[in-house]
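Everything on this sheet refers to the single structure shown next.
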Amino acid sequence: MWLVPIVVAVAGSWRVLPGIVAGGAVWALSSIAILGPSGTWLWLSQISPNIVARTGLSLPHLMVPFGAASAVVVAASATFAATLTVVLVAARPQLRSLTGQQRLSLGLLVSMVAAPHLLSYDLILLAPLIILWTVDNERHAPLATLALSAAFLVDLALALSWAIVEAPALLAVGAYYCHDLLSSRGPMQALAKLAPATMLPLTTGGRV
């Protein structure tokens, strides 16, 4: 969720930020409490360079099979995040027209695509996006889930050194979601969906 705060801040959802900060603080403090300060530092120092050095699914992580060093992958991820921030600021009016759940979903998506490392089991982080996407489109979200599951099984069967099918599948799902996002009308669409449920049934002589 590392880019979710950027999406939320640019959109002006300032009341959401304290919740994200509080959740991150609980996660960090609980991790330190479990491992201890020295254990936490040892874990970070050992896993960070190794996990970036492995092949993965995000755009920066796809550079690894072509010989990119860990520092290059991290730099590409930071550059991607900076570029994304500029694009979000430029598109702020459109971003503000989205619902809160759409902003969260968009933040999750770009966080995964731009992450310095992303492995197959990390795709579980797309679960909130799929659930929230289903609210807006109950057919496209399950299709995206099936596509990602099929890509995982193909890569598992091929046993290649890197996820040759999952990465394009993730990008395709991201493009598919953004298409739905741009074609929606944000809060007005959500209100339109709620309207039939909030209307009292009309009967002869009845009042609304």
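The values are calculated or read from the model by the stated rules, or taken from the named source; none is laboratory data. Here the structure is a predicted model, which is why all the values come from computation and not from measurement. For neighbour counting, all protein chains shown are included, and Cβ atoms are generated from backbone atoms with ideal geometry for every residue, glycine included. Calculation scope for accessible area: heavy atoms of the full protein, side chains included, ligands and nucleic acids excluded. Shrake-Rupley method; radii C 1.70, N 1.55, O 1.52, S 1.80 Å.
Within the set of pairs 6+ apart or on separate chains, which have a first residue in the range 66-87 that is open to solvent by 60 Å² or more (accessible area, probe 1.4 Å), a second that is of a type outside the set (A, V, I, L, M, F, W, C), and C-beta atoms under 7 Å apart?
Val74/Pro116; Phe80/Pro60
Give me the residue from the range 50-65 that is surrounded by 14 or more Cβ atoms within 10 Å (Cβ to Cβ) and part of a helix (DSSP H, G or I) and, out of that set, modelled with the lowest pLDDT.
Of everything passing the filter in the range 50-65, Ala53 is modelled with the lowest pLDDT.
Evaluate the following for Ser13: is it of a type in the set (S, T, N, Q) and within 19 Å of Val86 (Cα to Cα)? Full working, then the answer.
Details: of a type in the set (S, T, N, Q): yes; within 19 Å of Val86 (Cα to Cα): yes.
So Ser13 fits the description; yes.
Please work out which one of (1) surrounded by 11 or more Cβ atoms within 10 Å (Cβ to Cβ); (2) at negative phi is the condition Gly12 fails and give its number.
Only one criterion is unmet by Gly12, namely (2).
If Val26 satisfies every condition in (1) open to solvent by 50 Å² or more (accessible area, probe 1.4 Å); (2) touching a Leu at 6+ places or on another chain (Cβ under 8 Å) but one, which is the exception?
Evaluating Val26 over (1) open to solvent by 50 Å² or more (accessible area, probe 1.4 Å); (2) touching a Leu at 6+ places or on another chain (Cβ under 8 Å) leaves (2) as the failure.
Restricting attention to the range 26-43, does a residue exist that is outside any helix (DSSP H, G or I) and not aliphatic (A, V, I, L, M)?
No: the range 26-43 contains no residue that is outside any helix (DSSP H, G or I) and not aliphatic (A, V, I, L, M).
How many residues does the range 100-138 contain that are β-branched (Val, Ile, Thr) and within 19 Å of Gly56 (Cα to Cα)?
3
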